[in-house]
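Beneath this line is the structure, given in structure tokens, with notes to follow.
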Amino acid sequence: MTFLDLLRNYRNEAISTRDQGDRFERLMQAYLLTEPIYQREIKTVWLWNEFPGRDSIAGQDTGIDLVAQTKTGDYWAVQCKFYGEKSSISKSEVDTFLSTSGRAFEIDGKQHRFNRRLWISTTNKWTSTAEATLSGQDPAVNRIKSVSKIMKI
């Protein structure tokens, strides 16, 4: 089964777009934990609702879908977008992710910040304002563009 077949199944079997997104987030959680390039660095990946620092940031789903903790103790904010390949990422979606991932959070009484931002999507299309918003961010936003073209299952 290819990755595209799996995405097609998600679209056909999901009961809502939220269900599609949830399935995609869990798939990307597994991807980050098993893909060799990330597996060397990452210790754990939480879904947003499981992340121990979420209440000190915003609580509910506000632009971050996954949080990865590296083996060195750094934290990555991850946004996952399960869109059709013709859909575009908008500036407002980017703004929400940047705003939330730019905030400090607390775990076990210690303050932390995200050291890396990662955007994973099934589309390569970004509005020009979304692209411009990514420029010069600190930490930068790394993108896995159109995961459907790089993953095979």
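Being modelled with pLDDT under 90 and of a type in the set (Gly, Ala, Ser) is the filter here; which residues of region 103-134 pass it? Within region 103-134, just Ser121 meets the criteria. Selection over region 37-94 of residues that are within 24 Å of Leu6 (Cβ to Cβ), charged (D, E, K, R) and touching an Asp or Glu at 6+ places or on another chain (Cβ under 7 Å) gives a count of 1. Selection of region 80-123 for residues being surrounded by fewer than 16 Cβ atoms within 10 Å (Cβ to Cβ), under 15 Å from the mean Cα position of the chain (by Cα) and not hydroxyl-bearing (Ser, Thr, Tyr) yields Asp95, Gly102, Asn115.
The set of residues in region 27-46 that are surrounded by fewer than 16 Cβ atoms within 10 Å (Cβ to Cβ) and in contact with a strand residue (DSSP E or B) (Cβ under 8 Å, 6 or more places away or on another chain) comprises Leu33, Glu41, Lys43, Thr44. For region 94-101, state whether one or more residues are part of a strand (DSSP E or B) and either out of contact with any Ser or Thr (no Cβ under 6 Å at 6 or more places or on another chain) or free of Cβ contacts under 8 Å to residues at least 12 places away in the same chain (or both). Taking every residue of region 94-101 in turn, none turns out to be part of a strand (DSSP E or B) and either out of contact with any Ser or Thr (no Cβ under 6 Å at 6 or more places or on another chain) or free of Cβ contacts under 8 Å to residues at least 12 places away in the same chain (or both).
The values are calculated or read from the model by the stated rules, or taken from the named source; none is laboratory data. Here the structure is a predicted model, which means the values were calculated and not measured. Backbone-built Cβ (ideal geometry, glycine too); neighbour counts: all protein chains shown.
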